[in-house]
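A short worksheet on the structure shown next.
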Amino acid sequence: MIYIISGVAKSGKTYLTKKILKKRHISSFSTDYLMMSLSLANPNLGVNHLEDDKIVAKNLEPYLYSMISTMIQNGIDYLIEGVHFYPEFSYRLLTDFSGKIKLIMLGYAKVNPIEKVSELQRYQNDIENCWYKDYSYEELKNLVLYLISVSKELNNLCLKFGIQYHEITNIKKQSNKIIRELFKN
């Protein structure tokens, strides 16, 4: 089985992945590594890690599709996490590999922006690859407002494609329920 945790940046994907790995003996993979390796090794491939996540996700689709297809053919259970599974592509994966993929989408469309900024500041030292740590308060607030708008778009598209979307208000309190849902039969 391929388990995919996707969604908007800073919604708790890595937190959930780490929590799952403590309890289950399963291999994991972050799509950020694929993005960075393709971007840095061969800029001619069109994968530029500095572009918007939605553009990067679209450019990563053939690589992710092939990787997941190979994992499924080899019967390998994997947990994959990353922002690079937009709902249309996720729907294609779920359709093409029916019964072999479980996928959840995380976002925070309804969060209070000021509270989210505070949370990101509070936990920045605990976050792997905290690329926003040098942002001013205003830059971080603008980022959060943008990510809220992305979350709203993801939520609407998840409804359209029948993909499980979780509105994250407190990932620590919600994590056990989300993990149970991801791994239920």
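Where a number appears in this text, it was derived from the coordinates with a stated rule and is not lab data. Worth saying up front: this structure is predicted, and the values here are computed from it rather than measured. Positions of Cβ are generated from backbone atoms using ideal geometry, with glycine treated the same way; all protein chains shown enter the neighbour counts.
Ellipticity at 222 nm from helices only: DSSP H runs of n ≥ 4 in the chain, each -39500 (n - 2.57), divided by the residue count, give -17500 deg cm²/dmol.
For segment 139-179, divide the Cα radius of gyration by the Kirkwood radius and give the resulting Rg/Rh value with two decimals.
On the way: Rg = 12.2 Å, Rh = 11.6 Å.
Reported Rg/Rh (Cα atoms, Kirkwood Rh): 1.05.
Cross-link reach is defined here as a Cα-Cα straight distance under 19 Å, omitting same-chain residues fewer than 8 places apart; for Lys116 the aspartates and glutamates meeting it are Asp126, Glu128, Asp134, Glu138, Glu139, Glu153, Glu167.
To the nearest 20 Debye, how big is the dipole of segment 1-135 about its Cα centre, given +1 on the beta carbon of each Lys and Arg and -1 on that of each Asp and Glu?
Working: 16 positive and 14 negative charges, 111 e Å.
The dipole magnitude comes to about 540 debye.
Were the residues from Ile26 through Phe97 laid out at 0.36 nm apart, the gain over their Cα-Cα distance would be 23.6 nm. In terms of distances greater than 23 angstrom between alpha carbons, the cross-link table entries Lys18/Lys133; Lys102/Lys177; Lys54/Lys177; Lys58/Lys133 yield Lys54/Lys177; Lys58/Lys133. Near the amide H of Leu106, within less than 5 Å, lie the amide hydrogens of Ser6, Gly7, Val8, His166, all on another chain or at least 5 residues away, with H placed in the peptide plane. Multiplying the residue separation of Asn142 and Cys130 by 0.36 nm and removing their Cα-Cα distance gives an extension gain of 2.7 nm. Between Leu45, Leu16, Leu106, the Gaussian network model of the chain with springs among Cα atoms under 10 angstrom shows the greatest mean-square fluctuation at Leu45.
Comparing Pro87, Pro62, Pro113 in a Gaussian network model of the chain (Cα springs below 10 Å), the most mobile by mean-square fluctuation is Pro62. The mean sequence distance of close C-alpha pairs (under 8 Å, at least 6 residues apart), as a share of the length of segment 2-183, puts its relative contact order at 32 percent. Which residue fluctuates most in the GNM of the chain (Cα springs below 10 Å): Asn125, Asn155, Asn112? Largest GNM mean-square fluctuation: Asn125. Whole-Hz Karplus values for segment 135-151 come out as 5, 6, 4, 5, 5, 5, 4, 5, 4, 4, 4, 5, 5, 5, 5, 5, 4 Hz, taken residue by residue from phi with 6.51 cos²θ - 1.76 cosθ + 1.60 and θ = phi - 60°; glycine and proline positions read x.
Stretching Ala41 away from Asn176 to a fully extended chain increases their span by 44.8 nm, per 0.36 nm per residue minus the current alpha-carbon distance.
Ratio of segment 2-183's C-alpha Rg to 2.2 N^0.38 Å, to two decimals?
Working: Rg = 16.0 Å, N = 182, 2.2 N^0.38 = 15.9 Å.
Taking N as the residue count of segment 2-183, the ratio is 1.00.
Across the options Ser28, Pro43, Ala9, the greatest Cα extent toward the positive end of the charge dipole of segment 1-76 (unit charges at beta carbon of Lys, Arg, Asp, Glu) belongs to Ser28. The distance separating the Cα centre of segment 43-106 from that of segment 140-185 comes to 17 Å.
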